[in-house]
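The values are calculated or read from the model by the stated rules, or taken from the named source; none is laboratory data. Everything quoted here is computed from the prediction, not taken from an experiment. Neighbour counts run over all protein chains shown; Cβ positions are idealised from the backbone, glycine included.
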Amino acid sequence: MQTDNINKPGHYQGAHGLEAIDVVRNFAGNLTAEQGFYWGNAIKYMLRFQKKNGVEDLKKAKKNLEWLIENMEDENAKPYTDNTYPMLGTRPLQARE
């Protein structure tokens, strides 16, 4: 059986076929774009570490969690509004149905 590394990479699938993207979409909540980026990356790295880069992925997850905590503790943090990438905007991430 051939692997599809674009649509269904094996390192993002759990034992029962659940994919990392499904977890992220289900639990994203009401985060700003920047917070969602850090949170989603942390989840991604934690879910794949056993199948891809081991401890390196855990360190990447830890770094993204540190950035997320910094952002959430900063009362003056502003939503990401760089107009270079207007698709990011300031809307919270929404889970897809």
For region 38-61: of the residues being without any contact (Cβ under 8 Å) to a residue 12 or more places away in the chain and of a type outside the set (S, T, N, Q), which is surrounded by the fewest Cβ atoms within 10 Å (Cβ to Cβ)? Val55
Residues being surrounded by 15 or more Cβ atoms within 10 Å (Cβ to Cβ), at pLDDT below 70 and not in a loop (DSSP other than H, G, I, E, B) - total across region 1-28: 2
